[in-house]
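Comments concern the structure below.
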Amino acid sequence: MADPTGVLPSQTLRDMLANGQITVTSPVPDDQVQPASLDLRLGETAYRVRASFLPGAGRTLLDRLPEFSMHQIDLRPGAVLEKGCVYLVPLMEGLALPADVSAVANAKSSTGRLDLFTRLITDNGTEFDRIDAGYTGPLYAEISPRSFSVLARPGLRLNQIRFRRGQAVLSDAELTDLHHNAALVDGPAHIDHGLGFSVDLDLGGTDIIGYRAKPHTGLIDLDRLNHYNPAEFWEPVRAQAGHIILDPGAFYILVSREAVHVPPDCAAEMAPYLAMVGEFRVHYAGFFDPGFGHAAAGGKGSRGVLEVRCHEAPFALEHGQIVGRLVYERMADTPDSLYGAGLGSNYQGQGLKLSKHFKAPDT
């Protein structure tokens with residue numbers, strides 16, 4: 001009997017760790033395994049490189065590194081990764097995947113909310129964040145701080161990896177049926193190649209609808225949680241006449257109008273909307289684990305936080321404008337733990353919220 005298709009759950013990830021399909025240089029703490037993904041940890045060394053690059057077919061990253069490396073950094077005492085620079089860090093995890101299992105990576109939520117651009121690279125890689133079925137070899141993180149310089153140490157978890165067997169993306173018809181049975185959003189469902197979500201520029205009870213990163217700030221130690229005063233790093237954003245104008249190059253934290261949830265037998269990934277709706281990007285961190293916003297994990301629907309960067313020209317973003325979509329997939333099996341259910345999940349039941357490094361803003 002063939003193994004079930006779909007996203008592999010937490011219990012299967014533990015089996016993969018035990019049998020060497022996921023290799024590690026240091027023991028894995030229990031909380032590193034998430035319901036449908038595995039957190040990845042920085043190793044002890046970083047390389048400052050002059051440009052982002054991919055190894056390419058038939059080449060390892062270490063083959064290409066001398067072409068781009070500027071200097072080597074020891075992360076063990078803690079090291080500053082400077083805003084505007086690009087770094088490569090070998091990870092503590094590697095892979096020896098079965099021939100029928102592929103993987104995809106994404107930044108963790110807190111990473112995206114810091115505008116800390118992070119991507120996964122493999123040997124022989126021809127694209128970021130995608131790992132072919134059967135891949136055997138090391139993993140590397142490319143890290144580029146965009147808004148804030150950060151202090152990093154070994155073991156820090158900036159990105160995560162999700163494994164799948166086959167393809168199990170729900171069609172629009174299947175997603176429509178799921179919404180009718182489980183009410184995936186707290187209002188009308190806009191389903192078109194996934195579940196559409198829009199931006200909320202009228203939060204009610206406050207005129208602050210988001211935050212914009214300040215251009216010149218201090219350093220953020222990534223191990224310090226609930227520590228920093230938001231006013232030193234962010235300025236509040238207020239809508240005018242139901243819209244805001246995004247400035248090119250600026251980074252914003254906004255929130256979705258819809259409260260969404262992910263049933264225990266599904267996983268979801270946030271995907272950007274079609275580029276024709278405007279020259280901006282609406283997310284860096286895109287995994288939604290089983291149980292996100294779901295009653296079985298103590299949720300009542302959770303908003304999606306939007307990490308927004310405008311590109312070429314100023315753009316007027318309107319209240320209720322659809323800016324992205326959630327693509328749902330079936331799990332190969334229901335995970336033995338759900339997002340928010342005793343996992344210390346930071347963003348269950350969230351609304352507009354900065355990363356866990358900041359104290360709650362004064363309103």
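Here is how the numbers come out for the structure above:
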{"item": "Space enclosed by the convex hull of the alpha-carbon atoms of the range 110-173, per residue, Å³", "result": "141 Å³"}
{"item": "Efficiency of FRET from Cβ geometry, Ala2 and Arg146, R₀ 45 Å, rounded to 0.05", "result": "0.55"}
{"item": "Proximal charge balance of Val7 [Cβ under 12 Å; K/R count +1, D/E count -1]", "result": "-1"}
{"item": "Probe 1.4 Å, all protein chains present, accessible-area order of Asp30, Asp132, Asp172, Asp336, largest first", "result": "Asp30, Asp132, Asp336, Asp172"}
{"item": "Linear extension gain, Asp15 paired with Ala96, 0.36 nm per residue minus alpha-carbon span", "result": "27.9 nm"}
{"item": "Residue-wise HN-Hα coupling along the range 78-84, computed from phi with Karplus coefficients 6.51, -1.76, 1.60 (Hz; x: Gly, Pro)", "result": "x, 9, 7, 9, 8, 3, x"}
{"item": "Cα pair distances of the chain binned at 20 Å [whole percent]", "result": "29, 61, 10"}
{"item": "q = 0.10, 0.17, 0.18, 0.22 Å⁻¹: log10 I(q)/I(0) that the Debye formula gives for the range 136-269, counting C-alpha atoms only", "result": "-0.56, -1.17, -1.17, -1.22"}
{"item": "Surrounding net charge for Arg153, when Lys and Arg each add one and Asp and Glu each subtract one, Cβ distance under 14 Å", "result": "0"}
{"item": "Radius ratio Rg over Rh of the range 32-180, counting only Cα atoms, Kirkwood formula for Rh", "result": "1.02"}
{"item": "Loop-located trypsin sites (Lys or Arg not before Pro) in the range 161-259 whose Cβ has at most 12 other Cβ within 10 Å (DSSP)", "result": "Arg224"}
{"item": "Helix-only [θ]222 nm of the chain, DSSP H runs n ≥ 4, -39500 (n - 2.57) each, per residue, nearest 500", "result": "-2500 deg cm²/dmol"}
{"item": "Accessible surface of the chain, 1.4 Å probe, proportion on carbon and sulfur as whole %", "result": "49 percent"}
{"item": "Candidate residues Leu306, Leu225: accessible-area rank, largest first, probe 1.4 Å", "result": "Leu225, Leu306"}
{"item": "Net charge, Phe68 excluded, C-beta distance under 10 Å - Lys, Arg +1, Asp, Glu -1", "result": "+2"}
{"item": "Three semi-axes of the equivalent ellipsoid, the range 1-43, Cα gyration tensor, whole Å, largest first", "result": "21, 12, 8"}
{"item": "Over the range 19-85, volume per residue of the alpha carbon convex hull, in Å³", "result": "166 Å³"}
{"item": "Surface accessible to a 1.4 Å probe, Met70 within the full protein complex, Å²", "result": "110 Å²"}
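The values are calculated or read from the model by the stated rules, or taken from the named source; none is laboratory data. Worth saying up front: this structure is predicted, and the values here are computed from it rather than measured. Please note: Cβ atoms are built from the backbone with ideal geometry, for glycine as well, and neighbour counts cover all protein chains shown. To get the accessible areas, we keep the full protein, side chains included, count just its heavy atoms, and leave off ligands, DNA and RNA. Shrake-Rupley method; radii C 1.70, N 1.55, O 1.52, S 1.80 Å.
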